[in-house]
1. Which ³J(HN,Hα) values in Hz, rounded to whole numbers, follow from the phi angles of the stretch 309-325 under the Karplus curve 6.51 cos²θ - 1.76 cosθ + 1.60, where θ = phi - 60° and Gly and Pro get x?
2. Explain nothing, just the number: relative contact order of the chain, from Cα pairs under 8 Å at least 6 residues apart, as a whole percent.
3. If you average the C-alpha positions of the stretch 368-429 and of the stretch 131-175 separately, how far apart do those two centres end up, in angstrom?
4. Excluding residues fewer than 8 places away in the same chain, name every one of the aspartates and glutamates whose C-alpha is closer than 15 Å to that of K377.
5. Shape of the stretch 6-109 from its Cα gyration tensor (a ≥ b ≥ c, root eigenvalues): rounded if a/c is under 1.5, otherwise prolate when a/b > b/c, or oblate?
6. Take the residue pairs K150/K243; K133/K243; K197/K257; K150/K183; K83/K170 and return only those whose Cα atoms are more than 24 Å apart.
7. Please list, in order along the stretch 16-30, the HN-Hα scalar couplings obtained from phi with the Karplus expression 6.51 cos²θ - 1.76 cosθ + 1.60 (θ = phi - 60°), rounded to whole Hz, x for Gly and Pro.
8. Return the single residue from C395, C319, C114 with maximal mean-square fluctuation; model: Gaussian network over the chain, springs between Cα atoms under 10 Å.
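What follows draws every value from the coordinates through simple rules; no lab data is involved. These numbers were taken from a predicted model, which means no experiment stands behind them. We place every Cβ from the backbone using ideal geometry, glycine too, and count neighbours over all the protein chains shown.
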Amino acid sequence: GTRDHPPAHVVLRDRLLAAVVACFKRHGAAAIDTPVLELRETLTGKYGEDAKLIYELQDQGGERLALRYDLTVPFARYLAMNKITNMKRYHVAKVYRRDNPATTRGRYREFYQCDFDIAGQFDPMIPDAECLKIVHEILSDLQLGDFLIKVNHRQVLNGVFAVCGIPESKFLTACSTVDKLDKMPWEEVRSEMVGEKGLSPEAADRIGEYVQLHGGLDLIEQLLQDPKLSQNKLAKEGLGDMKLLFEYLTLFGITGKISFDLSLARGLDYYTGVIFEAVLLQQENEHVEEAVSVGSVAGGGRYDGLVGMFDPKGRKVPCVGVSIGIERIFSILEQRVEASGEKVRTTETQVLVATPQKHLLAARLKLISELWDAGIKAEMLYKKDPKLLKQLQYCEDTGIPFVAIVGEQELTEGVIKLRDVARREEVRI
């Protein structure tokens, strides 16, 4: 369920990661790194129903360890351990999940995550808006086609549950069911709520009226006027936040790609405020009006309580962050490159050192050594007397742009012939 990457894929992935990291740096984030192994108790109790996917390991010394499941919980532990209350950071690294891999859909047991987080006590919704701007920038930079960023708020969702008559003890399970609305129709979600989660049919129907709504500022205004929701403290606070957020997103000029979507729940336990998820939209063909979603390629939200869980004194550090689903994006780009038949250069070699006659291995070794020492990326064939045609063919195949040819005549005159492979032109140097 993990995968081997041939060289061409590694090059593609590096290009992707470089574009993402460039965006993080543009927003002033510093890089940090945390260990792959965490203590098991660091991870347990942070992921809700997904806890069964944590990769646990037993150390010979009896220590219970686990492989990191994401980069957010280790970041919260890092802040608490080092008593840091203010930080803007990014982290690109592998995470591990004991999931049923679905390699065709870009789901693996070992995969990269690219995270950006802002930790610290700031005025409401300003950092949150920046996180959404980053998602918008990255998805635009990578030119993946049309996308939509869905946004919701944990307090609005909890307020909705409360006014629909759901006991607080069932908020989280109701949440994880609502979150399935993008994958299955409301009827199925409703029957799971009533059948498996034990909610009353009336409550489920009342929830249905809300969670199928989506829109922008207009919807926020409409919900602020809603007779039931406007009476609920949580919902009112959450909607106030959403209104601010949309004002800032309007100033960033990105509301066209953003939808306030009440069905978005993101199954994780640790979110406390804004939550968001980006999906790529695929126009199947000209006749289909509805755009089809390819699945989530980025997600995140505010998690103000997480750092406090690791602090012995329970000191809180508010945080908001985003994770870019680089493997999903990578699967899409891979398919595109394969479809286009474009060849990806897998090395950065600039020059092949070649000889036209026999008995010139010494000349090649001396020359290539000089090139390497001068910082020039060079290769040669590992044969004593390779044929010139073979050497030129190797350049064609691998995309090496230049050949430095040193033969008997060149040695006598103290020159080399430099051949431009694509143009098939030679100059003497």
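1. Values, residue by residue: 5, 9, 8, x, 8, x, 5, 9, 10, x, 9, 9, x, 9, 10, 9, x Hz.
2. Numbers: 737 pairs, mean separation 69.9, N = 429.
Dividing the mean separation by the residue count of the chain yields 16 percent.
3. Answer, in whole Å: 57.
4. E348
5. Since a/c reaches 1.5 but b/c is at least a/b, the shape of the stretch 6-109 is classed as oblate.
6. Table pairs above 24 Å Cα-Cα are K197/K257; K83/K170.
7. 4, 4, 4, 5, 5, 5, 4, 5, 4, 5, 4, 9, x, 8, 9
8. In this elastic network of the chain, the residue with the biggest mean-square fluctuation among C395, C319, C114 is C395.
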